[in-house]
Amino acid sequence: MRIAIVIGVDEYDDPDLLQLGGAQIDADNVFQALVDQNQGQHHPEKSLKLLSPTLAELRGALQESVYDHELTAFTFFFAGHGLVVGGSHYLCLRDTRLDRLAASALSFSEILRLVGDAQPANANIIVDACQSGGVVHDLNTVINPSLLGETGTPSICVIAASMSNQKAGEDDRGGFLTRQLLRCVSGNERIQNSRSHLNLIEIGERISQLVIDEYPDQSPVCWGLNLFGTSQFCVNPHFEGGEPSYVYELANIPPASASGALVRGEAKNLWRMAEDLPSGFSPSSLIKEIRSTSDHLPPKGGSRPAFVSGLAQTLPQRASQSKNVMCRSEVLACCIVALLKDTEKSLEAREVMSELLDQFVYVTGECIDIAVSAIEVEKFNILSNRGGLSDLFFVPIRLSKLLGWVSALGLIQDKLKKNIYDVKSKIEIIIELYKINYICSLASVSEEQAPHILISFEAIRKFSLLGAAEPIIGCYVNDFVSNHGRISEPGLKGADILRFLLCRANGDYSTAHSVIRQPSELLSVLLKWISDASLDEILDPHMKSLDHESMNVFVPSSYWDFGDLLIEHGKNLSFQIGGDVGVGIFTVEDFRGGYRDYCQDEIKKAKAFDDDVVQCGAILASMLLPDRVPWSICTR
């Protein structure tokens, strides 16, 4: 059952609390929208509207509504005065007294504890009150079992009207935030047209921007995490599909079920992970955390894809607060990759993954536009905020990764048979920017560039841009040869980066054996580009400089395993320049023939090689976990 409790408080007994004129208007309008079966779809009889209630009246209504029904969704809306005191946010009711606030007002942490105890599958909380951003402080309740109790952490989405030090504006038409909320619910403001329902997080993102644009002194706060499946806040008036999205047909995970207990057991870690996304995002850690929960859910019945799709609704929004403009796209990609293995045996997982890939196209296009615009405006935006020597190592990786993400989007659109984002034009812009501003930074420094460069090559070839990109591959090859093929292991950190850079600067790698990658898959990638582009003359004269350099092409037994942190089954197909390890080669032509005769058939033998949805996941896995290369995209 979907139940809403809507509160608007205009009247206050305490003379120190100003009377309001718009809170009850807000409550009337929001309640009408939520119980409308063509909009909010909340139960019209069981949902409650309270106008200027006392604290006791509100507590009684909460207990009656939350505990007396089996809730699939619970929505709490409050409009009125709010205050932050002692690090907690309080909602002021009619009988609230400022001189005894803790005893006479409703703390936000009390609402969270109540929601956690009642265990609705999803909870939506909207607070249109001054200083309501202070509710973020109370979210510690969500991840602190000693406060929440043993029943577990809820799935919860919160929109607060203003930061903890700001006022929430209103006029005779009601609160500024509520007005924009109603515009989104009614369809006057378009969010998206690809899914049959809207969730509160995506609404909150749009509301925040709308309020800030119109009232710069008020900055709404939006935050949440879905742990038990997808969230349906309201009907999407702009949905253009004939049937509801498959994601929304999945049964949510009942919090009190055995699967729900498994999710609750991991809830604290999941909330911490979400909280840390803006500052400490690691794709491998995120995929590991998602899989550590989903792998314990039943493989049948849809609970695994429901769990992942719920995270995919909320985690990217949290990631949008990162200084890494691609973080939102990368987090969504992690959710997709976390489903990859399940698509072998689960139709539900495959359907959800397909829909998340559609979402990925839109999100990634937006992120790429921001990233490219940033370096168009100022070329030094490619540098880290801290700067320093480490940028000599990381800037080449950032450059190859940005072109890799744009190219990955192009290949994924092609496999999905979509043409939503103009990838070709964006690649052309990036190539010109690189040639003008970053030509000396197009260096081969790390094995983790291998998937970026291969994916870029395949998209560049597909869009007939090989001529324009010739200086790009020329720089990578020249740098690789100049440093005698010495590149770092993927994922190098801290002191190892400095050690590698010092060895690279003086040309002596005798103290850096532990961080040097041998054999290298990057060399195979460079040779593949050179051979397919018929640029033999770039490398053939320098093969002696790479004498006895070993390289490999790793082919997994199954592409369903390509998102595993450790791929346990597969083959390393080896080559050696001027040697007899694997296939010995002396010219680019030798590699061309060896790849054709030795690699192509093995690549095609891998399970799910010809499955476009799985291959999209494999491309994303290689961008997120750059210790693997998607050779399946190159079988010519």
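Residues of region 521-536 that are surrounded by fewer than 22 Cβ atoms within 10 Å (Cβ to Cβ) and either among the aromatic types (Phe, Trp, Tyr) or not in a helix (DSSP H, G or I) (or both): Ala533, Ser534, Leu535. The residues on offer are Val325, Val331, Val372, and the sole one that is in contact (Cβ under 8 Å) with a residue 12 or more places away in the chain, outside any helix (DSSP H, G or I) and not aromatic (Phe, Trp, Tyr) is Val325.
Yes or no, residue by residue, for (1) of a type outside the set (Ser, Thr, Tyr); (2) modelled with pLDDT under 95; (3) in contact with a Pro (Cβ under 6 Å, 6 or more places away or on another chain):
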{"residue": "Phe457", "(1), (2), (3)": "yes, no, no"}
{"residue": "Arg461", "(1), (2), (3)": "yes, no, no"}
{"residue": "Leu465", "(1), (2), (3)": "yes, no, no"}
{"residue": "Tyr476", "(1), (2), (3)": "no, no, no"}
{"residue": "His484", "(1), (2), (3)": "yes, yes, no"}
{"residue": "Ile487", "(1), (2), (3)": "yes, no, no"}
{"residue": "Asp496", "(1), (2), (3)": "yes, yes, no"}
{"residue": "Leu502", "(1), (2), (3)": "yes, yes, no"}
{"residue": "Asn506", "(1), (2), (3)": "yes, yes, no"}
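Pairs linking a residue in region 540-565 that is over 26 Å from Phe609 (Cα atoms) to a residue that is among the small types (Gly, Ala, Ser), with Cβ atoms under 6 Å and 6 or more positions apart or on different chains, are Leu546/Gly485; Asp547/Gly578; His548/Gly578; His548/Gly579; Glu549/Gly485. Per the conditions (1) buried (at least 22 other Cβ atoms within 10 Å of the Cβ); (2) under 20 Å from the mean Cα position of the chain (by Cα), the sole criterion not satisfied by Arg350 is (1).
Scanning region 206-233 for residues that are buried (at least 17 other Cβ atoms within 10 Å of the Cβ) and more than 17 Å from Asp128 (Cβ to Cβ) returns Leu225, Asn226, Leu227, Phe228, Gly229, Thr230, Ser231, Gln232.
Condition first: outside any loop (DSSP other than H, G, I, E, B) and touching a helix residue (DSSP H, G or I) at 6+ places or on another chain (Cβ under 8 Å). Now tell me which residues in region 458-473 satisfy that. Glu458, Ala459, Ile460, Arg461, Lys462, Pro471, Ile472, Ile473, listed by residue number. Note on region 1-32: among residues that are assigned to a loop (DSSP other than H, G, I, E, B) and free of Cβ contacts under 8 Å to residues at least 12 places away in the same chain, the one that is nearest to the chain's Cα centre (by Cα) is Gln19. Among the residues of this structure, Ile455 counts as one that is β-branched (Val, Ile, Thr) and part of a helix (DSSP H, G or I).
Residues in region 547-559 that are under 30 Å from Arg350 (Cβ atoms) and part of a loop (DSSP other than H, G, I, E, B): Ser557 alone. Within region 349-365, residues that are of a type in the set (Gly, Ala, Ser) reach partners that are surrounded by fewer than 23 Cβ atoms within 10 Å (Cβ to Cβ) and at pLDDT below 95 with beta carbons closer than 6 Å, at six or more positions or on different chains, in the pairs Gly365/Tyr421. Among the residues of region 107-122, the ones that are touching a residue at least 24 places away in the same chain (Cβ under 8 Å) and more than 11 Å from Ser155 (Cα to Cα) come to 8 in all.
The single residue among Ala56, Ala23 that is modelled with pLDDT under 95, of a type in the set (Gly, Ala, Ser), closer than 19 Å to Phe108 by Cβ and assigned by TED's automatic domain parsing to the domain that holds Ala103 turns out to be Ala23. Residues of region 418-452 that are modelled with pLDDT of 95 or more and not in a helix (DSSP H, G or I): Asp422, Tyr438, Leu442, Ala443, Ser444, Val445, Ser446, Glu447, Glu448.
Screening Leu340 against (1) buried (at least 22 other Cβ atoms within 10 Å of the Cβ); (2) farther than 21 Å from Leu270 by Cβ leaves a single unmet condition, (2).
The residue list Val477, Val481, Val515 contains one member that is touching a His at 6+ places or on another chain (Cβ under 7 Å) and either surrounded by 14 or more Cβ atoms within 10 Å (Cβ to Cβ) or not assigned by TED's automatic domain parsing to the domain that holds Met623 (or both), which is Val481. State whether the residues of region 326-335 include one that is assigned by TED's automatic domain parsing to the domain that holds Tyr67, among the polar types (S, T, N, Q) and either modelled with pLDDT of 85 or more or under 24 Å from Ser622 (Cα atoms) (or both). No, region 326-335 has no match at all. Val477 satisfies every condition listed in (1) farther than 23 Å from Leu620 by Cβ; (2) in a loop (DSSP other than H, G, I, E, B) except (2).
The set of residues from region 381-421 being out of contact with any helix residue (DSSP H, G or I) (no Cβ under 9 Å at 6 or more places or on another chain) and at negative phi comprises Asn385, Arg386.
For region 591-612, the set of residues classified as surrounded by fewer than 18 Cβ atoms within 10 Å (Cβ to Cβ) and not aromatic (Phe, Trp, Tyr) consists of Gly593, Arg596, Asp597, Gln600, Asp601, Glu602, Lys604, Lys605, Lys607, Asp610, Asp612, listed by residue number.
Looking at the structure I just gave you, is Glu521 within 30 Å of Asp590 (Cβ to Cβ), of a type in the set (D, E, K, R), assigned by TED's automatic domain parsing to the domain that holds Asp627 and in contact with a strand residue (DSSP E or B) (Cβ under 9 Å, 6 or more places away or on another chain)? So Glu521 passes the test. Answer yes or no as to whether Asp496 is in a helix (DSSP H, G or I), over 23 Å from Val406 (Cβ atoms) and touching a residue at least 12 places away in the same chain (Cβ under 8 Å). So Asp496 fits the description; yes. When Ser622 is tested against the conditions (1) in contact (Cβ under 8 Å) with a residue 60 or more places away in the chain; (2) surrounded by fewer than 20 Cβ atoms within 10 Å (Cβ to Cβ), the lone failure is (2).
The values are calculated or read from the model by the stated rules, or taken from the named source; none is laboratory data. What you are looking at is a predicted structure, and each value in this text was computed from that prediction instead of being measured. Reconstructed Cβ throughout: ideal geometry from the backbone, glycine too, with neighbour counts over all protein chains shown.
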